[in-house]
Amino acid sequence: MKSFNYHAPKDVKDASKLASSNSAFLAGGMTTIPSMKLGLASYKDVIDIKNIKKLSGIKVSGKTVTIGATTKHVEVATSKDVKKAIPALAKLAGNIGDAQVRNRGTIGGSISNNDPSACYPSACMALNAVIHTNKRKIDAEKFFTGMFETALKGGELVEAVEFQIPEKADYQKHPNPASRYAIIGVFVAKHKKDVNVAVTGAKSCVYIDKDLSKKLSSNFSVSAIEGAEVKSSGMNSDMHASAEYRANLVSLYAKKAVEAC
Amino acid sequence: MASLVGSRVERKEDTRFLQGKGRYTADINIANQTYAVFVRSPHARAKIKSVDTSKALKSSGVVGVLTGKEIAEDKIGGLIAGWAIRSEDGSEMKVPANPPLAKDVANFVGEPIAVVFAETLDEAKEGAEKVKVDYKVLKAVVDPADAMKSDAIHDGVDKNLCYDWLLGDRKAVDEAFAKADKIIKVDLINNRLVPNAMEPRACVVDYNTASEEITLYTTSQNPHLSRLVMSAFGNVAPENKLRVVAPDVGGGFGSKINVYNEEIVCSWASKKIERPIKWVAERTESFLTDTHGRDHVTHAELAVTNDGKFLGFKNETIANLGAYARVFGTVTPTYLFGPCATGVYVIPAAYSNVKAVYTNTAPVDAYRGAGRPEATYTIERLVEKAAMELGMDKTEIRMKNFPTQFPFKQTLVHTVDSGDYVAGLEKAKQMADYAGFEARRKKSEANGKLRGIGVSSYFEACGIAPSAAVMSLGCGVGLWESAEVRFNPTGQISVFTGAHSHGQSHDTTFAQIAADEMGVPIENIDIVHGDTDKGTFGMGTYGSRSLTVGGIAIVNACKKIIAKGKRVAAKMLEVNEDEIEFKDGEFVALKSNKKKTIGEVAFACYLPGQRDEMKSPIPEGDEPGLIESAFYDPPNFSFPAGSHICEVEIDPDTGNVKVEKYTAVDDFGRIVNPMIVEGQVHGGIAQGIGQALHENTQYDETGQLMTASYMDYTMPRADNFPEFNLGFTCTHATSNPLGVKGCGEAGAIASPPTVMNAVIDALGGQEISMPATAEKVWKACKSMKKSNAKAA
């Protein structure tokens, strides 16, 4: 690992000031540190945001669950409040990586990295999340812009993610047998007016399957999407899964998720 | 005194291994050490036009940079193939030079080209980045099936063919096939595996400028052999100036048999730069450069009668050696594979023909089972297919062809001393509730799942001895083993063994044996291994040989201790030697019932003089002290055997395969420590299930290893397995005094065909290759649905 300057600011303002084109924010470090160790990334300044108290914690209001950026997966997975308000979100967090990853990794880190096979982005999309940054609020659908790309600008830092509490929801993933990342993951959320089916792992970036969402919005049942074709075009094809196989899994896991709701 | 052999003695190793107190090579640091980082070829095949080290030499902290040019100038030898295999036409195998640092050509991704030494690891890495290698990239040969049709990658190795080997009688096989009612055929790929020892390879070298002695701490399964090879072939230092220490080693599975480039280079270089050197592989380096396992392409046929009798067997295999032939690389696909491919069956005529080819991939060598898993996979897929095609029960067809008389002269090489294959399979059937399978299949079907059952009966030729036999088959060394038993004057015992424990628990099992032999508490015994400066020369651990060869050497050395003890005790008790009986740690004068404990006798052995009343207890002609050694060369291989039964359930929607039940019944002869044996079987089965369902080594067409990290290479995990159901039958080996057979590799040998037979059974007989990943199985399920629909 190349040497770097380590900073541990106490508030967001200081963190933001330290940021430059050659810096990285460090939360759980589950991606940043391995990338640095492998020589895939190097930074002049690493800004550790774990000491910023206001970035961590879970708040449930009437209609929303707001999770601070440095809240760890294990905290979301075991939170009584989250389990009560959006059990699917706790389940998702409890199945990310392994125990070590869940004890370090954070929601802010996950969505800022926007790995195409990360789990959290699908929850953000399906639960109409609003991403609070130190500069603005961004709707999830505008936040995830491409493979490892987000709408975040230089020095902009995710502070919290505000999820809309659905009537029902479930997350199903088919893990990559090697890494246990999602080969595909499907987050189905039934809101009062409509249904969102968000898919991760299948394409270069998380997306809403509009066809499945529409069908389920008019009739929230497995039969509504029985036989609905999920097209493989545009889907990832790699040594772990072909596009065709991924398309099959999306259709299958959408049904599993509806069934589990 | 109760026998310790046969009891579940808790491991002496647990304190250090379970409490983080082990001392591995990477834990060792020498004052003033430098750090080595290797510059490796990023190309699978390339000419090395030039290597420019000037910038690296100026880089901060860099102490030295060495390349293939300097190592050639110093006449340091390369890596070696340990077994000479002859082709069917009598010609000798073709082995290319394998210099420790490639000078002219690089032949696989990761092959070392240069090495940088620096004050810190980071500085060494930075220096390595500044070594500029100018390559001319050449078209790589990757697929073993195409290797013979491709450009020759080594000068003088036509068609990339190392040898074209035959064992058996083609004519007799043709005659047998002519008489057959049916010919069963399979085309198999035995998938390449990366051994993935938990501890990556490492070495620390300390050169003493005064004595000119090199001490090499290294991750080796066989430190004496490493010293021999580095001295005799590597020209690194004379054996008396080279000490090789393999301290705690975190797994080997065969991948740590070889002396590797890095050990030779660092040992040589430490003398050149007159500084200690430390090198520890990163995980990616392990993936790229540890010797890999398996990688066969096989076409095999079994000639059968309509009532299921086996008449003849053919095996045509292409074995991928990778870029170079290594220590066991050439014997693994021949003598460790060919003879075993007829399995546990009476087959009157058989042959195995193996063409070993070079490709631009990591060298392939022994990996847990080494040749015998490939053999078992070949025959057991054939047998299962034969049962299916003949409409016979898969256990019945096996029983019908098992030998019932022992010794059993197996078709190609081995004479199996003992066994009871029928008893093993019967017991496995009972433990697996084989009879109840159809009901379970129906239940799975009712849930929309496919259930399959698979059987595999195997035998393993292990011990890899006697020396006379292995040397006549081309082995470059004799495969005996040594032991030395040293009594201290105050009664504790050090037992030195030439075997090496890297997870096998020798500290415990060897101590159990020695404690029983000498009637002393196990706490008084320490097993010492892994250091060429301690104890006698030894051959190390692989091929399930530690107990069957090394364990017997210990027994024999103990017997010599007792023999001398009897002479001394006789003198002490003033009776004739033949009036002394040794039992439970005591020498008893039969007539008078006077006794001396072995501790008293040992103490007396160190007091040979006379003083006052005390007379010397050492009989005339005997020497003082109580130290004995033994070199044991067994009369034959040993032959563990057994039957495994697996049940899988497949979800046709995802293709996920779940191993629902796994039953293993093994005959390891006499068992020294059932707990440790169970652990060995568990680990072996886990690795075999890994091969069958998960482990997916893939090179792309340019020779880049696509699965060079745990993000992409699927290691099996605990949640991939059910609780294993283990049982044992026991026929004592007649070839050694303990009656033991060896157990380290059995699980990995038997389990791949067992699992695959179950998967293929669930898929209605549809062939599928290893690893049976979810997508492959899903595709097979889809085509099954289609053909079922057609049939309907």
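The single condition from (1) within 14 Å of chain B (Cβ to nearest Cβ); (2) in a helix (DSSP H, G or I); (3) more than 24 Å from A:A140 (Cβ to Cβ) that A:S232 fails is (2). Residues in segment B:306-329 that are touching a Gly at 6+ places or on another chain (Cβ under 8 Å) and polar (S, T, N, Q): 1 in all. With respect to the conditions (1) away from chain A (no Cβ under 14 Å); (2) crowded, with 20+ Cβ neighbours inside 10 Å; (3) part of a strand (DSSP E or B), B:E660 falls short on a single one, namely (2). Inspect segment B:177-187 for any residue being surrounded by fewer than 21 Cβ atoms within 10 Å (Cβ to Cβ), within 24 Å of the chain's Cα centre (by Cα) and charged (D, E, K, R) and give the result as yes or no. Within segment B:177-187 (the criterion being surrounded by fewer than 21 Cβ atoms within 10 Å (Cβ to Cβ), within 24 Å of the chain's Cα centre (by Cα) and charged (D, E, K, R)), the answer is no, since none of the residues qualifies. Residues in segment B:300-346 that are in contact with a His (Cβ under 9 Å, 6 or more places away or on another chain) and either closer than 20 Å to B:V416 by Cβ or part of a loop (DSSP other than H, G, I, E, B) (or both): B:N315, B:A323, B:Y324, B:P333, B:F337, B:P339, B:C340. Just to be sure, is A:K231 closer than 20 Å to A:V65 by Cβ, over 21 Å from the mean Cα position of the chain (by Cα) and outside the structural domain of A:K84 (by TED's automatic domain parsing)? For A:K231, the condition - closer than 20 Å to A:V65 by Cβ, over 21 Å from the mean Cα position of the chain (by Cα) and outside the structural domain of A:K84 (by TED's automatic domain parsing) - is not met.
Given the criteria in contact with a His (Cβ under 9 Å, 6 or more places away or on another chain), closer than 16 Å to B:P640 by Cα and modelled with pLDDT of 95 or more, does B:Y458 qualify? Yes, satisfied.
Is it true that some residue in segment B:700-710 is touching a strand residue (DSSP E or B) at 6+ places or on another chain (Cβ under 6 Å) and surrounded by 21 or more Cβ atoms within 10 Å (Cβ to Cβ)?
yes
Checking each residue in segment B:608-640 for being outside any loop (DSSP other than H, G, I, E, B) and at pLDDT 90 or above picks out B:I627, B:E628, B:S629, B:A630, B:F631, B:Y632, B:S638.
Looking at this structure, is A:S237 more than 14 Å from chain B (Cβ to nearest Cβ), surrounded by fewer than 14 Cβ atoms within 10 Å (Cβ to Cβ) and modelled with pLDDT of 95 or more?
no
Just one of the numbered conditions (1) of a type outside the set (V, I, T); (2) at pLDDT below 95; (3) surrounded by 21 or more Cβ atoms within 10 Å (Cβ to Cβ) is not true of A:G105: (2). In segment B:77-85 there is no residue that is without any contact (Cβ under 8 Å) to a residue 24 or more places away in the chain and either under 30 Å from B:T702 (Cα atoms) or in the same structural domain as B:K125 (by TED's automatic domain parsing) (or both). Sub-7 Å Cβ pairs linking a first residue in segment B:522-534 that is in contact (Cβ under 8 Å) with a residue 12 or more places away in the chain and within 13 Å of B:R486 (Cα to Cα) to a second residue that is aliphatic (A, V, I, L, M) and surrounded by fewer than 18 Cβ atoms within 10 Å (Cβ to Cβ), at least 6 apart or interchain, are B:K534/B:V528, ordered by first then second residue. Here A:A254 meets the list (1) within 19 Å of the chain's Cα centre (by Cα); (2) part of a helix (DSSP H, G or I); (3) within 11 Å of another protein chain (Cβ to nearest Cβ) almost entirely, failing just condition (3). Only one entry in B:K790, B:K782 is within 14 Å of another protein chain (Cβ to nearest Cβ) and outside any loop (DSSP other than H, G, I, E, B), namely B:K782.
Taking the criterion of being of a type in the set (A, V, I, L, M, F, W, C), in a loop (DSSP other than H, G, I, E, B) and in contact (Cβ under 8 Å) with a residue 40 or more places away in the chain, the residues of segment A:2-54 that qualify are A:F4, A:A8, A:A19, A:A27, A:M30, A:I49, A:I52.
Out of the residues in segment B:669-690 that are assigned to a loop (DSSP other than H, G, I, E, B) and not β-branched (V, I, T), state the one that is farthest from the other protein chains (Cβ to nearest Cβ).
Initial filter on segment B:669-690 (assigned to a loop (DSSP other than H, G, I, E, B)): B:670-673.
Filter once more, keeping what is not β-branched (V, I, T): B:670, B:673.
Numbers: B:R670: 39, B:N673: 32 Å.
By that ranking, first place goes to B:R670.
Residues in segment B:708-754 that are within 14 Å of chain A (Cβ to nearest Cβ) and part of a helix (DSSP H, G or I): B:A718, B:D719, B:N720.
Does any residue of segment A:36-46 turn out to be closer than 23 Å to A:T71 by Cα, at pLDDT 95 or above, more than 14 Å from chain B (Cβ to nearest Cβ) and buried (at least 17 other Cβ atoms within 10 Å of the Cβ)? Yes; the residues of segment A:36-46 include at least one that is closer than 23 Å to A:T71 by Cα, at pLDDT 95 or above, more than 14 Å from chain B (Cβ to nearest Cβ) and buried (at least 17 other Cβ atoms within 10 Å of the Cβ).
Listed by position, the strands (runs of 3 or more DSSP E) inside segment B:413-532 whose residues that are under 23 Å from B:R11 (Cα atoms) and among the aromatic types (F, W, Y) number at least 1 are B:481-487, B:493-497.
Of the helices (runs of 4 or more DSSP H) entirely within segment B:120-207, those holding at least 3 residues that are within 30 Å of B:L311 (Cα to Cα) and small (G, A, S) occupy B:170-178.
Of all the numbered requirements in (1) more than 9 Å from chain A (Cβ to nearest Cβ); (2) closer than 27 Å to B:D667 by Cβ; (3) among the hydrophobic types (A, V, I, L, M, F, W, C), B:L693 misses one, and that requirement is (1). Of the residues making up segment A:175-196, those that are touching a strand residue (DSSP E or B) at 6+ places or on another chain (Cβ under 9 Å), over 21 Å from A:K84 (Cα atoms) and aliphatic (A, V, I, L, M) are A:A182, A:I183, A:I184. Within segment A:214-229, take every residue that is of a type in the set (G, A, S) and part of a helix (DSSP H, G or I) and give me the one that is nearest to the other protein chains (Cβ to nearest Cβ). Restricting to residues being of a type in the set (G, A, S) and part of a helix (DSSP H, G or I), the top hit is A:S223.
Of the numbered criteria (1) in contact with a Gly (Cβ under 8 Å, 6 or more places away or on another chain); (2) more than 30 Å from B:E285 (Cα to Cα); (3) within 11 Å of chain A (Cβ to nearest Cβ), the one B:D666 fails is (3). A:Q172 meets each of the listed conditions (1) in contact with a strand residue (DSSP E or B) (Cβ under 6 Å, 6 or more places away or on another chain); (2) surrounded by fewer than 18 Cβ atoms within 10 Å (Cβ to Cβ); (3) under 22 Å from B:A774 (Cβ atoms) apart from (2).
Restricting to segment A:167-195, give me the number of residues that are more than 20 Å from A:N95 (Cα to Cα), touching a residue at least 40 places away in the same chain (Cβ under 8 Å), touching a helix residue (DSSP H, G or I) at 6+ places or on another chain (Cβ under 8 Å) and outside any strand (DSSP E or B). Counting residues in segment A:167-195 that are more than 20 Å from A:N95 (Cα to Cα), touching a residue at least 40 places away in the same chain (Cβ under 8 Å), touching a helix residue (DSSP H, G or I) at 6+ places or on another chain (Cβ under 8 Å) and outside any strand (DSSP E or B) gives 0.
The values are calculated or read from the model by the stated rules, or taken from the named source; none is laboratory data. What you see is a predicted model, and the numbers here were worked out from it, not measured in a lab. Note that each Cβ is placed from the backbone with ideal geometry, even for glycine, and that neighbours are counted across all protein chains shown.
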